[in-house]
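Asks: Encoded as structure tokens, here's the structure I'll be asking about.
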Ligand code: ASP
């Protein structure tokens with residue numbers, strides 16, 4: 001069986017969900033690291049928001065909107081914008097790590113279950129709210145995906161403010177990377193040991209970044225958003241899985257919603273988020289669906305990203321909710337956490353996983 005800290009919690013959750021459904025109004029509390037969500041009341045079954053580990057405040061924001069009767073996708077985008085605004089989150093929006101030329105290029109996607117519509121933006125420069133641009137593409141055009149210069153012009157037309165997204169912290173981490181990437185280039189290489197890697201960079205290398213947030217609202221509708229600055233120091237123009245519908249995000253209002261963080265290329269090559277939702281549609285629990293896709297990715301990865309003994313040298317994480325409001329998360333490597341907010345309040349939980357890290 002899968003090692004999962006979530007399994008027991010999920011059973012508890014099912015039990016508490018039934019009690020809640022049988023009766024009364026829900027009063028939410030905030031546990032571990034919460035930022036004080038108001039007591040929220042609802043008559044409906046199990047609305048829930050699930051996110052990557054950096055999204056605790058995002059899930060709280062989303063649930064506040066949901067419990068005021070708001071739409072699943074409005075809630076998801078309002079939530080992720082907290083991270084897009086945060087200069088300390090070097091994986092998304094303002095303060096995200098740049099590409100190899102020092103330019104921040106953002107990717108994002110949204111998907112709205114009730115209308116089965118999607119919007120996405122890739123390699124967007126100078127606009128911090130990539131999530132919102134993706135949502136406007138979905139709402140105001142007949143198209144799904146805009147990239148680069150066209151995406152920027154589109155955002156300008158809708159009144160988005162242009163700004164320099166490269167913070168001093170991100171710039172200095174980029175400078176460090178440039179100076180240390182090779183012994184055979186023009187730069188002195190001050191760092192001799194991997195132990196000397198700046199802490200923020202080590203964190204990024206070890207855990208990755210990006211925020212994915214999926215929401216089940218009080219109308220029983222599902223929506224999701226994934227937004228990122230992508231892999232740090234990527235080749236200019238590289239677009240990962242986050243803005244690719246079916247790879248970094250997928251929502252089917254009958255079955256569930258799923259999204260991902262981690263190495264985007266393997267998700268693109270397996271249509272990974274689509275597959276998580278399909279597995280839920282075939283009856284798997286969210287955690288088991290996420291695990292099945294992690295397993296599929298490992299089985300299909302034959303070239304690159306592997307240690308000599310064949311074990312994966314990369315990670316991906318999946319975050320999923322089904323139509324009943326059950327949720328789960330799984331990763332290829334151990335050590336990931338996710339954020340969730342339901343009637344038990346906002347909290348971090350450990351992801352199920354396939355391999356011990358290291
Ligand atoms: N999935 C993102 C990408 O490949 C990066 C990440 O989640 O860390 O662009």
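Asks: Obtain the nm distance between the two label points defined at residue 355 and residue 161 by a simple spin-label model: each point lies 7 Å from its Cα along the Cα-to-C-beta direction.
Replies: 4.5
Asks: Starting from 0.36 nm per residue, how many nanometres of slack lie between residue 268 and residue 199 once their C-alpha separation is accounted for? Please list the in-between numbers first.
Replies: On the way: separation 69, 0.36 × 69 = 24.84 nm, distance 2.93 nm.
So the chain would gain 21.9 nm between residue 268 and residue 199.
Asks: Now for a separate question. Tell me the label-point distance for the pair residue 144, residue 300, using the 7 Å Cα-to-Cβ offset, in nm and rounded to one decimal.
Replies: Modelled inter-label distance: 1.6 nm.
Asks: I would also like to ask the following. Express in whole angstrom the spacing between the alpha-carbon centres of the range 55-117 and the range 245-316.
Replies: 21
None of the figures in this text is laboratory data; all of them are computed from the coordinates on show. Because the structure is a prediction, the values reported are computed rather than measured. With ideal geometry, Cβ positions are generated from the backbone for all residues, glycine too; neighbour counts draw on all protein chains shown.
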